[in-house]
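Asks: Take this structure first; my questions come after.
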Amino acid sequence: MNFSDLIGRLQSDAYLAPHICNTNHAKGSQIIKQGEVCQDVIFLRRGLAQMSYVTFEGKEWIKSFFAENSVMGSRRCQIMGEPSHFAITCLEDCEVTAIPYDKLRSVCSKDPDLMAVFFDFNEQVSLRKEKREYEFLCLSAQDRYRGFFEDYAHIAPRLTQAQIASFIGITPIALSRIRKRINQADNLGVAGAQ
């Protein structure tokens, strides 16, 4: 089931329909605020958003990016009803469909096709999370930068260098050095320069 078919299927469900909220969010606005509870499953129909943490010192670290046809939300909020540790901020104007997690879960529990879709979704989230943890614990910043382009080449032109740096866990200055090193190595024909 593709993304638009899934949205259509959910919107046509008599039980879910009254609970579905379609909204537009302007660039720079937050769909989920850090420290607040949002128990919705959020379907990003159009736009680009980032999931990020802001430390006590005010430093922002980007956890992930979401482009159109993505599903977002805080599992902590949805399952435990506790405040989100992160914010989801629009990097472009966004159109979203929000459905309360408990209502969606109830419908999925009675529909094997929907259950399979969301089971697959949860598997994909787990695989991405495991990969991200491995990259941060085991790879150099340069390798994380290269990996970023393997996973996010389709949205990289829509991001700033500062956003990419934050995502791979380094400063923009460190990213500039890495890019310079890679460009020099590429110009010399040296593979894998560290």
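Asks: Counting Lys and Arg as +1 and Asp and Glu as -1, what is the net charge of the other residues whose Cβ lies under 14 Å from the Cβ of Asp186?
Replies: Local charge sum for Asp186: +4.
Asks: While we're here: Measure out, as a whole number of angstrom, how far apart the alpha-carbon centroids of segment 36-106 and segment 176-190 sit.
Replies: Value for the Cα centre distance between the two parts: 36 Å.
Asks: Pairs to check: Lys27/Lys110; Lys63/Lys110; Lys33/Lys110; Lys59/Lys103; Lys33/Lys103; Lys27/Lys59. Give those whose C-alpha atoms are more than 29 Å from each other in this structure.
Replies: Listed pairs above 29 Å: Lys27/Lys110; Lys63/Lys110; Lys33/Lys110; Lys59/Lys103.
Asks: For a quick check of understanding: with a 1.4 angstrom probe and all protein chains in place, what accessible area in square angstrom does Thr23 have, to the nearest ten?
Replies: That residue has around 40 Å² of solvent-accessible surface.
Asks: Where in segment 1-73 are there GluC sites (Glu not before Pro) that are in a DSSP coil and have at most 10 other Cβ atoms within 10 angstrom of their Cβ?
Replies: Within segment 1-73, the qualifying GluC sites (Glu not before Pro) (loop, at most 10 other Cβ atoms within 10 Å) are Glu57.
Asks: Now, a different point. Could you give each residue of segment 80-93 its phi-based ³J(HN,Hα) in whole Hz, using Karplus coefficients 6.51, -1.76, 1.60 with θ = phi - 60°, and x for Gly or Pro?
Replies: For segment 80-93, the Karplus-derived couplings read 9, x, 9, x, 6, 7, 10, 10, 10, 10, 6, 8, 9, 4 Hz, x marking Gly and Pro.
Asks: Say we join alpha carbon atoms closer than 10 Å with springs in a Gaussian network model of the chain; which of Leu137, Leu104, Leu48 then has the biggest fluctuation?
Replies: Among Leu137, Leu104, Leu48, the largest mean-square fluctuation in the Gaussian network model of the chain belongs to Leu137.
Asks: Which part of segment 44-85 falls in the paramagnetic zone of Asp13, meaning amide N under 14 Å from the point 7 Å along Cα-to-beta-carbon?
Replies: none
Asks: Excluding Ser166 itself, calculate the net charge of residues whose Cβ lies under 13 Å from the Cβ of Ser166, where each Lys or Arg counts +1 and each Asp or Glu counts -1.
Replies: Neighbour charge sum, excluding Ser166 itself: +2.
Asks: What residue among Ser74, Ser140, Ser29 has the largest mean-square fluctuation in a Gaussian network model of the chain, using Cα springs under 10 Å?
Replies: Ser140
Asks: Now for a separate question. So what's the back-of-envelope 222 nm ellipticity for the chain, counting only DSSP H runs of four-plus at -39500 (n - 2.57) apiece and dividing by all residues, rounded to 500?
Replies: Roughly -14000 deg cm²/dmol at 222 nm, from the helical runs in the chain.
Asks: For His85 and Gln124 in the same chain, what is the full-extension length gain: residue separation times 0.36 nm, less their Cα-Cα distance, in nm?
Replies: Between His85 and Gln124, full extension yields an extra 11.9 nm.
Asks: Compute the separation of the alpha-carbon centres of segment 124-168 and segment 10-35 and state it in Å as a whole number.
Replies: So the two Cα centres are separated by 27 Å.
The values are calculated or read from the model by the stated rules, or taken from the named source; none is laboratory data. Computed from a prediction, not measured in an experiment: that's the story for all the values here. Note that we place each Cβ from the backbone using ideal geometry, even for glycine, and neighbour counts take in every protein chain shown. Heads up: the accessible areas ignore ligands, DNA and RNA and are worked out on the full protein's heavy atoms, side chains in. Shrake-Rupley method; radii C 1.70, N 1.55, O 1.52, S 1.80 Å.
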